[in-house]
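Report on one structure; see the data block that follows.
The values are calculated or read from the model by the stated rules, or taken from the named source; none is laboratory data. For clarity, every value in this text was computed on a predicted model and none was experimentally measured. Cβ placement follows ideal geometry from the backbone for every residue including glycine, while neighbour counts extend to all protein chains displayed. What goes into the accessible areas is simple: the full protein's heavy atoms, side chains included, and nothing from ligands, DNA or RNA. Shrake-Rupley method; radii C 1.70, N 1.55, O 1.52, S 1.80 Å.
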Amino acid sequence: MGLLSLGTPLTWEEAKPHADLVRERGIEQLLNIWKKAKSKERDILLWGDEIEYLVVSYDEDSKDARLSLRQAEILKDLAHDEELRKAGGCVPSLQEISQKPGQRVPAFHAEYGRFMLEATPGAPYGGMLRDLLTVEPDMKKRRVIAKQHMTKDETPITMTSFPRLGVPGAFTQPYYPPHGPIARSIFVPDEIINPHIRFPTLTANIRSRRGSKVCINLPIFYDEKTPNPFKDPTVKYDLSDYPEDGDVRNGAAKDGHVYMDAMGFGMGSCCLQITFQAKNISEARTLYDQLCPLGPIMLALSAASPIFKGYLTDIDCRWNIISGAVDDRTEEERGLKPLNENKYVIPKSRYDSVSTYISQDPGFRPEYNDVDIHQNLPLKQKLLDGGMDEPLAKHFAHLFIRDPLVIFSESIKNYLVENNDNFENIQSTNWQHMRFKPPPSAEDAIGWRVEFRSMEVQLTDFENAAFSIFIVLLTRTILSYGLNFYVPISKVTENMETAHRRDAVLSEKFYFRKHVFPPRHANRSGKGSNTSPGGSISNTPKPVELGPVEDEYCLMTINEIMNGQSGQDGFPGLITLIESYLNSVNVDVETRCELARYLDLIKKRSNGTWETAATWIRNFVRSHPDYEKDSRVNVAVNYDLIKAAETLGNGEGKGTNLWKGLFEKR
Amino acid sequence: MSSPSSVVFRTGNIIITGRTSLEKSNQELLNSLRQNFEDAASRVTSEHLSWIEARGDTLYAPGIEEPDGLSEERTEYDITVKLFYLPGVPVSKRKNHTREALQHVLRELRVSSIDLLIISFPNISFDAEDHSPDTEPTQEEVDEWAETYQTLETLQLEGQIKRIGLSEFGVARLVKLLPRTSVKPSVDQINVRDCCVVPKPLIQFAREQKIELLTHNDCTNILPSSALQSLLQENHLAFGGFKNVDPQWVVKYTAVIQDRGVVENKGYFAMAKVDIDRT
């Protein structure tokens, strides 16, 4: 989550005239950082995960599980904890954090949803393989600490979406009626929004800029007794408190779909994100590009959110819901009306898949950037004039077509080119599936970083650790072998859509590159891999003939991508590649065995031995005695599901059968 | 007529050259040698010139030019070398072989010392799944190990290697060898396959002795002479006159950038005695 500056936020109408100024200053700040930090070298590998929790509150009398809205109180309580304070503190937004060496107190952060909590390791993990063994204990510790600062009825769970967010009646504790002035939602009250002024402003300004409420339609999962055609019965057509109440009368809610109309439906979802520090800017760009095609694959593999607004839907993951939930594009920008007030027709929401690669590696071919993207050309020129190369300037010029959504009047008055607030205003409200992160300031010890953002949070810390560690090991493997996963960026976008479909992990195919090793004569940073006696031998490698880009990739199942294709020339599989990497480095017995457990989870999720959380949740609902086979997730089913998620989260469901299907017990 | 020669086969840096590295080390070695032979052959501009180079009594295949070495400061790297003594080679030769093999690696990486030298004795294996107690080594075996181990201790004293490692040593073997050493081994490398059943006594013993237990995926016989012989036959043009190929040692080296966990350089050298038919 971005920095929370305090001050007086501007409404969209007030903010709009300052948009160009913020963008220009943002680019100036970026150039300032880039110029000084582009020569940063030899930063070590540091990395960290972010886990988001839903805080649920049980009403044991009525056997109901609702969302607690006590985020602020819980954070305050965490900040006041004497022991945690002595150990260095754990709430960066409320207190000075000073981590003592050897002590790693997790850090807790607020999130968009007032029912959410985010936790990160107190200090980043290091680059030694042994450090990977501290990930799962660290995650477990976070959950325990969080729970200690909640009431006896509350508990943190790592479920991507709360099944009954936005149902008619009470789904929060305490109850608030929906349809407040900020979100103007038919379904959710404004009280679910983190009250820090940035968030209501963000919510209102997205709606104002767009000119209507956001609009999300998810295909319903038709079960035996689901009315067909399904018309979302919770939609209210006769409200007239706000102009936006007309949205549904103008067809916003589609037949056969579950309709949602507020930012909270998306930004109230929980994710698992990983950020790495690269050794320098060029390695960061390589990792950004190479992990990019993995985004949709890992989304499908980590799928964990089949239920929205009390209904089983026909999709398995959250990504597109968030995408729709923060879609601030006007009708003109969405191509529904001819351009008049706006500059561009923009094909994607601010929250969407990456649209351009940025690396200058020899493996990159211009054909991979096969989507024409809008760029803020005057600002791009500034970057180019400042010395930035074309691909990177293009990336930022693309982010900078967006308007700043929240401007604080103080930040307009107090501008410093050495800061990064204007830059971050645009950068951190572009939520793409990868994020390329410059150092926070030119002087900072922190290096160039890359964030991997597509994964859904898993029910247990074992699984969250497994997915995090898989990605870390994959980056080490990519860098060691010089692997090349490039496919045209339009195929990544297509894969992202595919990843959402119900059970995509087993039943869909994804575009993936066939040959991932560099050509045999490739050199590592200009160093020859093959030496030869002088005189008789030519030192110039034969130029490699590049075939058509279309021949470089094909459709593969996730099982093939992870576990490999059969046949001599088949894709070896990411797990095989990682194991080969592990065989090339010194790994102690204990580490190797623990890593094997994590890799085994990824292996077996991919080949269908074990279910994704999405499938597990869907099956849980469908086999529940109180489920009426009508796609509805009622209070009773929800209660047991949340309890099950809690039991799994605390000790992997020890003493129960709940884990069956999800993974193998140790 | 024929004359015996030493031939040093080399793979070059295999880490970025593709699929060969996905196999067990014996396949990896053969495949990457094959690939390096092909690459070398394809670079020869004139058909009359060979890519095999003679230096003194030794032939190099392919020949060795000035290697590139490592791209960053020496202190950034963790360099591990594993030396495989091969079956049938007299123990008395190991001293020279060890020095020779290490020299090749030092030259290839352009460094003056390595961090860890692991030695692998022929005909011993460690099976983590095998719960039967380690077989008691014979006095003769122990004498052999101790003799070889002295060479490593000398290299350590000379500053060419920082740490010494053994492989496939269970408790019974360690108990016999340790009293005969003055520099204790830092590492014992064992093959742990998929399962993680390491005998408790070994874990306990290693902890007491401060020996780190590392895993590997190498096979017991890394270069049977028949395998090398048939690889050479594939390259009839270059190796046509090579007869009675008798592999002496294989060395594997890896240079890892420690703080980032990135493998930058990995490769093999193998030395064999051959009779070369010069008719």
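In the range B:66-76, the residue that is nearest to B:Met271 (Cα to Cα) out of those that are at the interface with chain A (Cβ under 7 Å from one of its Cβ atoms) and surrounded by 17 or more Cβ atoms within 10 Å (Cβ to Cβ) is B:Pro67.
Looking only at the range A:562-593, how many residues end up being open to solvent by less than 40 Å² (accessible area, probe 1.4 Å) and in a helix (DSSP H, G or I)?
Initially, the range A:562-593 is screened for residues open to solvent by less than 40 Å² (accessible area, probe 1.4 Å), giving A:562, A:564, A:570-575, A:577-578, A:580-582, A:584-585, A:587-589, A:591, A:593.
Checking the rest, the ones that are also in a helix (DSSP H, G or I) come to A:562, A:574-575, A:577-578, A:580-582, A:584, A:589, A:591, A:593.
Number satisfying all stated conditions: 12.
Looking across the range A:341-355, just one residue is open to solvent by 10 Å² or more (accessible area, probe 1.4 Å) and not in a loop (DSSP other than H, G, I, E, B), and that is A:Asp352.
Among the numbered conditions (1) open to solvent by 70 Å² or more (accessible area, probe 1.4 Å); (2) part of a loop (DSSP other than H, G, I, E, B); (3) modelled with pLDDT of 60 or more; (4) more than 8 Å from chain B (Cβ to nearest Cβ), the only one that A:Gly547 does not meet is (1). Here B:Tyr60 passes the criteria (1) over 27 Å from B:Glu212 (Cβ atoms); (2) at pLDDT 85 or above; (3) at the interface with another protein chain (Cβ under 7 Å from one of its Cβ atoms) except the one numbered (3).
Is at least one residue of the range A:228-238 outside any loop (DSSP other than H, G, I, E, B) and basic (Lys, Arg)? Within the range A:228-238, none of the residues are outside any loop (DSSP other than H, G, I, E, B) and basic (Lys, Arg).
Can you find even one residue in the range A:294-315 that is among the charged types (D, E, K, R), touching a residue at least 40 places away in the same chain (Cβ under 8 Å), under 22 Å from A:Asp327 (Cα atoms) and open to solvent by 10 Å² or more (accessible area, probe 1.4 Å)?
First pass over the range A:294-315, keeping only residues among the charged types (D, E, K, R): A:309, A:314.
This time we only want the ones that are touching a residue at least 40 places away in the same chain (Cβ under 8 Å), so: A:309, A:314.
Still in the running and under 22 Å from A:Asp327 (Cα atoms): A:309, A:314.
Still in the list and also open to solvent by 10 Å² or more (accessible area, probe 1.4 Å): A:314.
Yes, the range A:294-315 contains at least one residue that is among the charged types (D, E, K, R), touching a residue at least 40 places away in the same chain (Cβ under 8 Å), under 22 Å from A:Asp327 (Cα atoms) and open to solvent by 10 Å² or more (accessible area, probe 1.4 Å).
Restricting to the range A:437-457, name every residue that is assigned to a strand (DSSP E or B) and surrounded by fewer than 24 Cβ atoms within 10 Å (Cβ to Cβ). Break it down into steps so the answer makes sense when it comes.
Here is the first cut: in the range A:437-457, the ones assigned to a strand (DSSP E or B) are A:437, A:449-452, A:456.
Result: A:Lys437, A:Arg449, A:Glu451.
The set of residues in the range B:225-279 that are closer than 30 Å to A:Thr477 by Cα and not hydrophobic (A, V, I, L, M, F, W, C) comprises B:Lys252, B:Tyr253, B:Thr254, B:Gln258, B:Asp259, B:Arg260, B:Gly261, B:Glu264, B:Asn265, B:Lys266, B:Gly267, B:Tyr268. I'd like to check something: does the range A:123-131 contain any residue that is closer than 30 Å to A:Ser240 by Cβ and surrounded by 18 or more Cβ atoms within 10 Å (Cβ to Cβ)? Within the range A:123-131, none of the residues are closer than 30 Å to A:Ser240 by Cβ and surrounded by 18 or more Cβ atoms within 10 Å (Cβ to Cβ).
Scoring B:Gln209 on the criteria (1) within 14 Å of chain A (Cβ to nearest Cβ); (2) open to solvent by 20 Å² or more (accessible area, probe 1.4 Å); (3) at pLDDT 95 or above leaves a single failure, condition (1). Of all the listed residues (A:Arg334, A:Arg318), the sole one being open to solvent by 10 Å² or more (accessible area, probe 1.4 Å) and not aliphatic (A, V, I, L, M) is A:Arg334.
Only one of the listed residues (B:Val171, B:Val263) is more than 19 Å from the chain's Cα centre (by Cα) and β-branched (Val, Ile, Thr). That residue is B:Val171. Which members of the range B:163-195 meet the condition of being within 13 Å of chain A (Cβ to nearest Cβ), open to solvent by 10 Å² or more (accessible area, probe 1.4 Å) and touching a residue at least 12 places away in the same chain (Cβ under 8 Å)? Matches in the range B:163-195: B:Arg163, B:Ser186, B:Gln189, B:Asn191, B:Arg193, B:Cys195.
Sort through A:Phe408, A:Phe400 and tell me the only one that's among the aromatic types (Phe, Trp, Tyr), under 30 Å from A:Gly7 (Cβ atoms) and crowded, with 22+ Cβ neighbours inside 10 Å. Walk me through it before giving the result.
On the way: A:Phe408 fails: crowded, with 22+ Cβ neighbours inside 10 Å.
None of the others qualify; the one that does is A:Phe400.
Note on the range B:89-121: among residues that are without any contact (Cβ under 8 Å) to a residue 40 or more places away in the chain and farther than 16 Å from B:Ala255 by Cα, the one that is surrounded by the most Cβ atoms within 10 Å (Cβ to Cβ) is B:Asn96.
Within the range A:471-484, can one find any residue that is in contact with a Phe, Trp or Tyr (Cβ under 7 Å, 6 or more places away or on another chain), over 24 Å from B:Ala255 (Cβ atoms) and outside any helix (DSSP H, G or I)? So far as the range A:471-484 goes, no, none of its residues is in contact with a Phe, Trp or Tyr (Cβ under 7 Å, 6 or more places away or on another chain), over 24 Å from B:Ala255 (Cβ atoms) and outside any helix (DSSP H, G or I).
It is to be established whether one or more residues within the range A:135-156 are touching a Gly at 6+ places or on another chain (Cβ under 6 Å) and open to solvent by 10 Å² or more (accessible area, probe 1.4 Å). No: the range A:135-156 contains no residue that is touching a Gly at 6+ places or on another chain (Cβ under 6 Å) and open to solvent by 10 Å² or more (accessible area, probe 1.4 Å). Please go through the range B:243-279 and give me each residue that is open to solvent by 20 Å² or more (accessible area, probe 1.4 Å) and more than 14 Å from chain A (Cβ to nearest Cβ), ordered by number. Listed by number, the residues that qualify are B:Lys243, B:Asn244, B:Asp246, B:Lys273, B:Asp275, B:Asp277, B:Arg278, B:Thr279. Restricting attention to the range B:77-88, the residues that are open to solvent by less than 50 Å² (accessible area, probe 1.4 Å) and either at the interface with chain A (Cβ under 9 Å from one of its Cβ atoms) or assigned to a loop (DSSP other than H, G, I, E, B) (or both) add up to 3.
Across the range A:356-393, the qualifying residues are those that are open to solvent by less than 10 Å² (accessible area, probe 1.4 Å) and either acidic (Asp, Glu) or assigned to a loop (DSSP other than H, G, I, E, B) (or both), and the one among them that is farthest from A:Gly547 (Cα to Cα) is A:Met388. Does A:Glu41 qualify as being at pLDDT 95 or above and under 30 Å from A:Val585 (Cα atoms)? So A:Glu41 does not fit the description; no. Restricting attention to the range A:32-46, and to residues there that are assigned to a helix (DSSP H, G or I) and open to solvent by less than 40 Å² (accessible area, probe 1.4 Å), which single residue is nearest to the other protein chains (Cβ to nearest Cβ)? Among those residues, the one meeting the criterion is A:Ala37.
What number of residues in the range B:218-238 are open to solvent by 40 Å² or more (accessible area, probe 1.4 Å) and within 24 Å of the chain's Cα centre (by Cα)? Lay out the reasoning, then the answer.
Initial filter on the range B:218-238 (open to solvent by 40 Å² or more (accessible area, probe 1.4 Å)): B:220-221, B:224-226, B:229-230, B:233-234, B:236-237.
Right, trim to within 24 Å of the chain's Cα centre (by Cα) and you get B:220-221, B:224-226, B:229-230, B:233-234.
Of the residues in that region, 9 qualify.
What about B:Thr215, is it away from chain A (no Cβ under 14 Å) and of a type in the set (Val, Ile, Thr)? So B:Thr215 fails the test.
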